[in-house]
Protein chains: 8
Amino acid sequence: MELNVYLAGQIHDDWRAEIRQKAEEMELPLHFTGPMENHDRSDNIGEEILGKQPNSVLKDEAASSLNNLRTQILMQKADVVIALFGEQYKQWNTAMDASTAVASGKPLILIRPEKLHHPVKEIANKAQVVVETKEQALQALSYVFETQ
Amino acid sequence: MELNVYLAGQIHDDWRAEIRQKAEEMELPLHFTGPMENHDRSDNIGEEILGKQPNSVLKDEAASSLNNLRTQILMQKADVVIALFGEQYKQWNTAMDASTAVASGKPLILIRPEKLHHPVKEIANKAQVVVETKEQALQALSYVFETQ
Amino acid sequence: MELNVYLAGQIHDDWRAEIRQKAEEMELPLHFTGPMENHDRSDNIGEEILGKQPNSVLKDEAASSLNNLRTQILMQKADVVIALFGEQYKQWNTAMDASTAVASGKPLILIRPEKLHHPVKEIANKAQVVVETKEQALQALSYVFETQ
Amino acid sequence: MELNVYLAGQIHDDWRAEIRQKAEEMELPLHFTGPMENHDRSDNIGEEILGKQPNSVLKDEAASSLNNLRTQILMQKADVVIALFGEQYKQWNTAMDASTAVASGKPLILIRPEKLHHPVKEIANKAQVVVETKEQALQALSYVFETQ
Amino acid sequence: MELNVYLAGQIHDDWRAEIRQKAEEMELPLHFTGPMENHDRSDNIGEEILGKQPNSVLKDEAASSLNNLRTQILMQKADVVIALFGEQYKQWNTAMDASTAVASGKPLILIRPEKLHHPVKEIANKAQVVVETKEQALQALSYVFETQ
Amino acid sequence: MELNVYLAGQIHDDWRAEIRQKAEEMELPLHFTGPMENHDRSDNIGEEILGKQPNSVLKDEAASSLNNLRTQILMQKADVVIALFGEQYKQWNTAMDASTAVASGKPLILIRPEKLHHPVKEIANKAQVVVETKEQALQALSYVFETQ
Amino acid sequence: MELNVYLAGQIHDDWRAEIRQKAEEMELPLHFTGPMENHDRSDNIGEEILGKQPNSVLKDEAASSLNNLRTQILMQKADVVIALFGEQYKQWNTAMDASTAVASGKPLILIRPEKLHHPVKEIANKAQVVVETKEQALQALSYVFETQ
Amino acid sequence: MELNVYLAGQIHDDWRAEIRQKAEEMELPLHFTGPMENHDRSDNIGEEILGKQPNSVLKDEAASSLNNLRTQILMQKADVVIALFGEQYKQWNTAMDASTAVASGKPLILIRPEKLHHPVKEIANKAQVVVETKEQALQALSYVFETQ
């Protein structure tokens, strides 16, 4: 049995690569997907495909239609979603993806530093598991496969 | 026909009272619900009902279990959700409620200042209608009832 | 028992008024809803609420977001949908609303002139009842209430 | 990961072959399905299997029951639907399939010439992505698989 | 609290009138619906509304489209379904309505004479309650309201 | 707005009467339902309606078919479920009703003495709110209605 | 692409073997399932597994619990259901399986001799395709795979 | 065709190993999953991953969040659930998993000693099959695959 895991969260550093590498080291049968991690491409994808837009709001709207296409397709194939909140950025997409997972019946593992607990508390209450590190998130998934 | 409208968003000012008053002036058959608008009570409700908790994370967890109970019950009764984003606060709950509405098949009207469009663009793309003012949100709902 | 009936179809003549009047004459306990029947208002509603848009495609996009808000809210409250196809106009919205009704588990009554059967045949096959006149559509609904 | 793509739209020219070929050139892991592309066979399939029908409406009804069987089975296996609108033909089936996809929770990519935007605006508003060319539709799907 | 009860079964005698009368005597807050009980009208309703059909199969098809419209609308409003099987008639509609109720999550009360148990055993196994008389079916519903 | 509340739990004492009375004192707009509270009647209802059964397992099976009919109908009408666990009795029905509520998307308030937490911990983790007293459960519901 | 096909209908002759053989001759990528075709075993399976039952109704109830387990598991894996009605037997299970398929969103192909149309008319109206022979049912499925 | 089977029940002895071995002897194409069978690990997994908790209730809450993550993921992949009740332990998780299976549309096979029937009667009534031994449960699954 292999699990599909969608990695929701910011795309400004390489936290997903770190998770992928650790999962490989732990020999976990996990297949990861997530948003476009190239931040510029994510912002520009609307104009790259649809051409120059009349203004910046419409450039954003075009990009988001493609980012949401990607998320919808990939999240429908996910068995479980990991959402990571950090101390920077608005991270409204992280909140959106985490909440969409829960409302769609997909279990959510939330990674957040303890100091962020207050603003993220209602999302945390909806998550199936709340952890502070990427290692703990993978240990949670490892537990699903263990028998001893 | 009367519509139930859940008002998702921050609870630091009286924007909901403003919407309620305008709706009354416009004589719209709308019934509004939303989160607890007394901010201190929202933060303390866990300890008020369940007693003193071991630490602040657990105080938050207790409060969020009651806030989410409220939201779940009231949103299930809503025909449409209005979510307001502003320039202050993390507003992760607003993103959570907006996304839960969409994932549950409830139409979403998003109110946000134009300058916030970039960070909220993927949520905006999921909303049925995106506006900048509370008046526009009510005009959208008024349109549902008009015949001419 | 009263039934909510959504009337899908073109908004260029007063066919809905005719249906409403006949239903009243037949003393049927039906409550009708439908799209904005003022064609100009339907086309302009986006700019009326959201302001001038950069071009005609975006004017259309703004209007359609409000028209779809209306349809989504009203169709979710409908017990049954009547869709009327005529010989004029593209009527893609009629096809959209009829198909959305079927895919959402709502019974569909299709009114179309016999000569249109060929192009509408796949939608007709999904409809619960196919008729040629508005009277027949109302007779079908009348039958739901009759006991003799 | 491979995606199943249902190609909704008219069956009078070879636009699907063009899409299949381009996807192959782009080495995209896509598997395409769609309606019967032989127009005569699509119109006659009812009588071919069920025998001569009493009149042309019933010939159509017989054919549409088989065409809808095909669409229902294939669309249930689709991860995403592409719907193409052109300037000819009524294309009510295209509107029907596009709307069924959206109402069933499947993401929709709409291809239409800009000049058709006005009549197709409400369907466009429901689509996840709206483009003008087949290349753009495939670029949108390519984006789902890209990581850089 | 009032319950809507759909009465599925043959329409050749007045068993529904008997149930309605008993329920009134027992002062149960039940509202009953069911198929057209006038057998001729049920068979002819297709031609009565749609006009003369080319042959008897098509007359049947026309009638069934209207009978199913009625059943779909009324069963969607039902809280519970009572299905009665007797020793006469094919009663395939009874089996159809009983099974549709179960597959739609509506509780089913099955009334059948004990001697019919063998052929109806798989439907009986899906029913929530199996009884032999109309009185027992009403006693079962009465139990839902009792507190002592 | 009034809420329907299903009270799941043992039927050996009058804890539901206590909740009903407190809710009345608190002037909460709650309507309560629950299982048959007369224990003998709950055990014997199968034979009371269906007649003497061949053995005690079948007597139990008959009774449970009627008890489950009642629960299914009443829980489908509930907006929220309160489940009370105590230190006596097996309470497998309480666990069943609590879990059915959660799996059906209905919010669950769990009342249990702290000392029972270990065996009930997985159910508690699924509950939206976990409390120790009936007063706390009602305070949680009161919070749903409060605005200050 | 391979399709799973559930074959609902009587188990007194070898009509399923005939379908399997024809499908093989036509080289259709179909995988067939269906009920236990050994009639005695189907009737006795309850006592074979659960032991001697107190009476014949309970023997039937035991058998039907196992037959329904089989049907539920296999039909959930089916892409399409073929139901065959003949002139003999009550065939209430056929009606049950056909209706369950439709209510579960699975397309139904109905095979029935024309002379049976009257009693089966409401089920026929719910079927996606109605045919008279097994060959026609397979031709309908063949059409799903054809491109020319 | 292979079936995924979730084995719900206590984790104090090796009943699952017994089932796995018998299934292998019977050469049944079954793939089994279930909860963590190492009881200490199941109780401590919360602190093992999340670190020391403030008190025993919170240690339990942490453990249950991980146990429920495991159950949710594995049960969503199950085609059928076997739940075993014995004479020891509270077994509220068994009742929870059995009820979740039923409410999620997954068939349930219940194993329980006859003497336990009274307290488990309402769960038994919801199960598709009720047996007394592990062999019988496997015979029931074997029956799904047999053709003679």
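Chains D and G together bury some 1900 Å² of accessible area, summed over both sides, with a 1.4 Å probe.
Looking at segment C:36-138, the trypsin sites (Lys or Arg not before Pro) that sit in a DSSP loop and have at most 15 other Cβ atoms within 10 Å of their own Cβ are C:K52, C:K77. Accessible surface of segment C:51-148, 1.4 Å probe: 44 percent of it comes from carbon and sulfur atoms. Distance from the alpha carbon centroid of segment G:97-148 to that of segment F:82-148 works out to 48 angstrom.
Rounded to the nearest 10 square angstrom, C:H118 shows an accessible area of 70 square angstrom against a 1.4 Å probe.
The calculated FRET efficiency for A:E24 paired with D:E24, based on their beta-carbon distance and R0 = 25 Å, is about 0.20. Among the chymotrypsin sites (Phe, Trp or Tyr not before Pro) in segment A:80-148, those placed in a DSSP loop whose Cβ has at most 14 other Cβ atoms within 10 Å are A:Y89.
The string of couplings for segment F:9-25 from the Karplus curve (6.51, -1.76, 1.60, θ = phi - 60°) is x, 4, 10, 9, 9, 9, 5, 5, 4, 4, 5, 4, 5, 4, 4, 5, 4 Hz, one whole number per residue in order, with x for Gly and Pro. Along segment H:52-68 the Karplus relation, 6.51 cos²θ - 1.76 cosθ + 1.60 evaluated at θ = phi - 60°, assigns HN-Hα couplings of 3, 9, x, 7, 6, 4, 6, 4, 5, 4, 5, 4, 5, 5, 7, 5, 6 Hz to successive residues, with x for each Gly and Pro.
Using C-alpha pairs below 8 Å separated by at least 6 residues, the relative contact order for chain D is 24 percent. Simple spin-label estimate for E:E47 and A:D13 gives 8.0 nm between the two label positions (7 Å along the Cα-to-Cβ direction from each Cα). Residues whose amide H lies under 5 Å from that of C:V130, counting only those 5 or more places away or on a different chain, are C:L110; hydrogens are built 1.01 Å from N in the peptide plane. Taken about its Cα centre, chain H carries a charge dipole of about 460 debye when Lys and Arg each add +1 at the Cβ and Asp and Glu each add -1 at the Cβ. Solvent-accessible area per residue in segment H:90-131 equals 26 Å², computed with a 1.4 angstrom probe and all protein chains kept. What the Cβ-Cβ distance of D:K115 and B:S104 gives, at R0 = 51 Å and to the nearest 0.05, is a FRET efficiency of 0.90.
Divide the volume of the convex hull of the Cα atoms of segment H:96-148 by its number of residues and quote the answer in cubic angstrom per residue.
Values: hull volume 4.5 nm³, N = 53.
Hull volume over Cα atoms, normalised by residue count, gives 84 Å³.
Just list whichever of E:K77/F:K121; A:K121/C:K77; B:K126/F:K126; B:K106/E:K59 have alpha carbons separated by over 31 Å in the model shown. Display every interim value, and only then the final one.
Numbers: E:K77/F:K121 38 Å; A:K121/C:K77 34 Å; B:K126/F:K126 29 Å; B:K106/E:K59 41 Å.
Checking Cα-Cα distances, E:K77/F:K121; A:K121/C:K77; B:K106/E:K59 exceed 31 Å.
With a simple spin-label model that places each label point 7 Å from the Cα along the Cα-to-Cβ direction, the separation between F:S56 and H:T147 comes to 4.6 nm.
Counting only heavy atoms of the protein chains and using a 1.4 Å probe, F:M75 has close to 10 Å² of accessible surface. For segment C:39-122, the calculated P(r), taken from all Cα-Cα distances in 5 Å bins from zero up to the bin holding the longest distance, is 3, 13, 21, 18, 16, 16, 9, 4, 1 percent. Once you reduce segment D:5-78 and segment G:56-70 to the center of their Cα atoms, the two points are 42 Å from each other. Which of rounded, prolate or oblate describes the protein assembly as shown when judged by the alpha-carbon gyration tensor and an a/c cut-off of 1.5? Verdict is rounded for the protein assembly as shown. With only the Cα atoms considered, chain G has a convex hull volume of 119 Å³ per residue. For segment F:116-148, which GluC sites (Glu not before Pro) are both in a DSSP coil and crowded by at most 15 other Cβ atoms within 10 Å? Passing both the DSSP loop test and the Cβ count: F:E146. Between helix C:92-103 and chain C there is an angle of about 60 degrees, using the helix long axis and the longest principal axis of the Cα atoms.
Sort segment H:55-101 into rounded, prolate or oblate with this rule: let a ≥ b ≥ c be the square roots of the eigenvalues of the Cα gyration tensor; rounded if a/c is under 1.5, and if a/c is not under 1.5, prolate when a/b is larger than b/c, oblate otherwise.
Numbers: a/c = 3.35, a/b = 1.28, b/c = 2.63.
The shape class here is oblate.
Shape index of segment D:7-80: Rg/Rh, with Rg the Cα radius of gyration and Rh the Kirkwood radius from the inverse mean 1/r over Cα pairs, equals 1.07.
Listed values for segment C:140-148 are Karplus-derived 3J(HN,Hα) couplings in whole Hz (6.51 cos²θ - 1.76 cosθ + 1.60, θ = phi - 60°), namely 4, 6, 4, 4, 5, 9, 6, 10, 10, and x replaces Gly and Pro.
Per the Kirkwood formula on distinct C-alpha pairs, the Rh of segment H:4-48 is how many angstrom?
Values: mean 1/r = 0.0855 Å⁻¹.
Evaluated over segment H:4-48, this radius sits at 11.7 Å.
The values are calculated or read from the model by the stated rules, or taken from the named source; none is laboratory data. Note that this is a predicted model, so its numbers are computed, not measured. Note that we place each Cβ from the backbone using ideal geometry, even for glycine, and neighbour counts take in every protein chain shown. Quick note on the areas: whole protein, heavy atoms, side chains included, nothing else; ligands and nucleic acids left out. Shrake-Rupley method; radii C 1.70, N 1.55, O 1.52, S 1.80 Å.
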